[in-house]
Amino acid sequence: MSSSAVIRDARPEDAPRLLEIYAYYVEHTAVSFEYDVPTLAEFENRVRNTAARYPYLVAVRNGRTLGYAYAGPFVGRAAYRCSCELTVYLDRAARGGGLGRMCCMRRWKNACAHGGYAISTPVSAGRTPRTNT
C-alpha cells in the first residue's frame, strides 16, 4: 500500500464518504458540536455552500477518501471577512499519520493564494466523550 496521499478539491460525489467520516465524530465525540448526524441531502448542501466561497479538500489514498478539510467564516462580522476557521476530519484509521497536517498545510496555501486569510484552527484529538446532558 502506498503511503502517499493526494489532496484534491472535493466533488459532489464525495459527499456520502465525507458524511460517513463525519458521522463517527457526531456519534462518538463532542468535537462536532452536533448531536444528530445530518442527512445526506443536508450534508451535500453544507459542502456545496462552503465550497462556493472556500476551498473544500479531500485526502485520498489508494482510491479511498480518508479525510477532508474545509474553511468557513471565523466570526460573522465585517472586520473578520478575511479570517476563517479551518476544520479537518479524518477517518479513524487514518489518524496519527500526518494526513491532517497535510490537509491543513494545503488549505493554508490555498487561502494565502486567494486573498491572504488569517486562519484559526481549534484542535481536538476526537477522544472527548459525548454526553447528552
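Which numbered condition in (1) buried (at least 16 other Cβ atoms within 10 Å of the Cβ); (2) at pLDDT below 85 is the only one that GLU44 fails?
(2)
Condition first: small (Gly, Ala, Ser) and outside any helix (DSSP H, G or I). Now tell me which residues in region 33-43 satisfy that.
Hits for region 33-43: nothing passes.
Please go through region 56-95 and pick out each residue that is modelled with pLDDT under 80 and either in a loop (DSSP other than H, G, I, E, B) or β-branched (Val, Ile, Thr) (or both).
Once the filter is applied, which keeps residues that are modelled with pLDDT under 80 and either in a loop (DSSP other than H, G, I, E, B) or β-branched (Val, Ile, Thr) (or both), region 56-95 yields PHE74, VAL75, GLY76, ARG77, ARG81, CYS82, ARG95.
Condition (residue is hydrophobic (A, V, I, L, M, F, W, C), in a strand (DSSP E or B) and closer than 11 Å to TYR89 by Cα) applied to region 14-32: is it met by at least one residue?
No, every residue in region 14-32 fails to be hydrophobic (A, V, I, L, M, F, W, C), in a strand (DSSP E or B) and closer than 11 Å to TYR89 by Cα.
For region 36-52, check the following and say yes or no: at least one residue is aromatic (Phe, Trp, Tyr), more than 15 Å from ASP14 (Cα to Cα) and touching a residue at least 24 places away in the same chain (Cβ under 8 Å).
No, the conditions are met nowhere in region 36-52.
The values are calculated or read from the model by the stated rules, or taken from the named source; none is laboratory data. Quantities reported herein were computed from a predicted structural model and do not represent experimental measurements. So basically every Cβ, Gly included, is an ideal-geometry build from the backbone, and we count neighbours across all protein chains shown.
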